[in-house]
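This report concerns only the one structure given below.
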Amino acid sequence: MHIADNQRVLMPKTLNDGLNILRRRSKIRISAGGTILSLIDPGIQEYTELLSLHSIDELRRVFWSERSVDIGAMVTLEKLLDLDEKVIPRGLRQAAGSIADPQIRSLATLGGNIFAGNSYLGLLGFLALHDARFELRRYNGTRWIGANRFFDDEGRPTIAPGEILTRVRIPLGRWNIQKVQRLEIGSDIREGEFMFCAIAGVRSNSIEDLRIGISVPGLGLIQERQLDAQVVGRGLPLSLKDIDYYRSEFTQGLGLPEKLRVPFVLDRIGNLAAAYLLSLGHESRG
Amino acid sequence: MKTDFLLNGTHRFTDKHPSTTLLDLIREEFNLHSVHPGCRKGHCGTCTVLLDDHLVASCLVPIFHLKGRKVETVEYLMESAEFRDIELGFLKAGFHPCKFCAGIKVLTAETILREWEHPKEADMALFVTKNWCACTSPGSFFSAVIASSEFRERRAHAHRR
């Protein structure tokens, strides 16, 4: 392992200072929580210049309104778990709680988790399902991008040089019943992981909207939108025949990678989808 | 890089390479050997310390993140009255972790008690993850932390009187 001599760490206190540093030094490496940077190759020791976002308070803020919540990119996963269920979607809390250990969650940040979303199973799948948008800022402008378009086809984040992911906007109020469950097969925690994500808007005992997907690292969110559309508008509770139909079509239609196309996993996914659809009837009454 | 921080209640100063990890710093420079180097990837939990009252894997914390922050290890905690509550709680609940994970479980219990006065099982369940040492069950840990919280409350009341 090479250790850079004279490593320089720049720690701006405001976002503007950080963006100006990025403008002048395009090759500087950004460090947020530091958990991924410590593990990947080249490691944190090997960069001669680092830009630490740790001291920028603007990136740790959470703004809540009736329609959406804006979460700063430097908010830690532990802080997400501490936020009230009225402030952030229940599914986001479930997803954050399923990531790593408390020792990592107190360091790892929302922004870092999103950037690692192509190689580690994180929050990106749920955010894409929820139509979250990311604010990318540079010294002379701001742009917003949808979570589902953040990684390009080759798996690279669509972020331009000099840009920083500053906050994540998640719409609220539309999806009132949510379920996220992390699952894994095999011994290699990075190879066999996937996440079941389901959100539904249920009003007046009928399904207004429904989205069920499987988040797989490297492949993003896999959905069966046509099947979801067939369920939308139905009254609750759904009949067992409908649930059984959804379950069999869902597992067959999903374009899962080969390693996940094993009967045990397909049964598990089908059961989770069926249990979720069944729960819509109970929760809408409750 | 010059960094100053609070280690176990004492102001400390270091001038090490910025990417030196907190784990290496406290073991090599400050000789605190309750923090063990395990996987060095944040998976095993043997290098756990408290950073600003939160559990962290010290192998993943570069020292440039330490400026002005408070680090506590289990050696420091053992000298405090708070540790006595945890010790009594563990004994009352019959919770006897093995020597490899005892320090981590004490730190975990302390973190929970600092966050919640009366912790609930649902809150504590977030602290039980894949690297939970199999020497003890999560259920007995929950009972031990609840017993510790009762001892802590009793001590706080006695102090007020």
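A:R203 meets all of the listed conditions (1) over 18 Å from the mean Cα position of the chain (by Cα); (2) assigned by TED's automatic domain parsing to the domain that holds A:K79 but one, namely (2).
Evaluation of B:T10 against the conditions (1) within 13 Å of chain A (Cβ to nearest Cβ); (2) surrounded by fewer than 20 Cβ atoms within 10 Å (Cβ to Cβ); (3) hydroxyl-bearing (S, T, Y) shows that the sole unmet condition is (1). I'm checking my understanding of the structure. Among residues of the range B:27-44 that are of a type outside the set (D, E) and touching a strand residue (DSSP E or B) at 6+ places or on another chain (Cβ under 7 Å), which one is farthest from the other protein chains (Cβ to nearest Cβ)? Across the range B:27-44, the extreme among qualifying residues is B:F30. Looking at the range B:131-150, is at least one residue among the charged types (D, E, K, R), assigned to a loop (DSSP other than H, G, I, E, B) and not assigned by TED's automatic domain parsing to the domain that holds B:V35? No, the range B:131-150 has no match at all.
Out of everything in the range A:11-29 that is among the hydrophobic types (A, V, I, L, M, F, W, C) and touching a helix residue (DSSP H, G or I) at 6+ places or on another chain (Cβ under 8 Å), what residue ends up being nearest to the other protein chains (Cβ to nearest Cβ)? Steps first, please.
Of the residues in the range A:11-29, the ones among the hydrophobic types (A, V, I, L, M, F, W, C) are A:11, A:15, A:19, A:21-22, A:28.
From the residues that got through so far, the ones that are touching a helix residue (DSSP H, G or I) at 6+ places or on another chain (Cβ under 8 Å) too are A:11, A:15, A:28.
On the way: A:M11: 7, A:L15: 18, A:I28: 13 Å.
This residue is A:M11.
Within the set B:E110, B:E82, the sole residue that is charged (D, E, K, R), part of a helix (DSSP H, G or I) and under 30 Å from A:S52 (Cα atoms) turns out to be B:E110. Could you tell me which residue of the range B:114-158 is nearest to the chain's Cα centre (by Cα), considering only residues that are within 13 Å of chain A (Cβ to nearest Cβ) and exposed (fewer than 12 other Cβ atoms within 10 Å of the Cβ)? Top of the filtered list is B:K130. Of the residues making up the range A:241-268, those that are among the basic types (K, R), modelled with pLDDT of 90 or more and over 11 Å from A:L227 (Cβ atoms) are A:K241, A:R268. Filtering the range B:56-93 to residues that are within 14 Å of chain A (Cβ to nearest Cβ) and charged (D, E, K, R) leaves B:K67, B:R69, B:K70, B:E72. Considering the conditions (1) within 14 Å of chain A (Cβ to nearest Cβ); (2) part of a strand (DSSP E or B); (3) without any contact (Cβ under 8 Å) to a residue 60 or more places away in the chain, B:F5 is excluded by exactly one of them, (3). Just to be sure, is B:G45 of a type in the set (G, A, S), in a loop (DSSP other than H, G, I, E, B), surrounded by 17 or more Cβ atoms within 10 Å (Cβ to Cβ) and touching a helix residue (DSSP H, G or I) at 6+ places or on another chain (Cβ under 7 Å)? The answer is yes for B:G45.
Of all residues in the range A:107-151, those that are away from chain B (no Cβ under 14 Å), surrounded by 19 or more Cβ atoms within 10 Å (Cβ to Cβ) and in contact with an Asp or Glu (Cβ under 9 Å, 6 or more places away or on another chain) total 3.
Summed over the range A:83-99, the residues that are surrounded by fewer than 24 Cβ atoms within 10 Å (Cβ to Cβ) and within 13 Å of chain B (Cβ to nearest Cβ) give a count of 6.
I'm trying to understand the selection: among the residues of the range A:5-33, which are β-branched (V, I, T), more than 17 Å from A:T109 (Cα to Cα) and surrounded by 14 or more Cβ atoms within 10 Å (Cβ to Cβ)? Correct list: A:V9, A:I21, A:I28. The residues of the range A:204-249 that are among the basic types (K, R) and either in a loop (DSSP other than H, G, I, E, B) or within 16 Å of A:L129 (Cα to Cα) (or both), listed by number, are A:R211, A:R225, A:R234. Would you call B:T111 out of contact with any strand residue (DSSP E or B) (no Cβ under 6 Å at 6 or more places or on another chain), among the hydroxyl-bearing types (S, T, Y) and crowded, with 17+ Cβ neighbours inside 10 Å? No, not satisfied.
Being away from chain B (no Cβ under 11 Å) and in contact with a helix residue (DSSP H, G or I) (Cβ under 7 Å, 6 or more places away or on another chain) is true of A:L59. Tell me, please, whether a residue that is within 22 Å of A:I177 (Cα to Cα), among the hydrophobic types (A, V, I, L, M, F, W, C) and in contact (Cβ under 8 Å) with a residue 12 or more places away in the chain can be found in the range A:258-265. The answer is no; no qualifying residue exists.
Residue pairs whose Cβ atoms lie under 6 Å apart, separated by 6 or more positions or on different chains, with the first residue in the range A:191-213 and hydroxyl-bearing (S, T, Y) and the second assigned to a strand (DSSP E or B) and modelled with pLDDT under 95, are A:S206/A:G235.
The values are calculated or read from the model by the stated rules, or taken from the named source; none is laboratory data. Just so it is clear, the structure is predicted and the values come from calculations on it, not from any experiment. Heads up, the Cβs are rebuilt from the backbone with ideal geometry, glycines too, and the neighbour counts pull from every protein chain shown.
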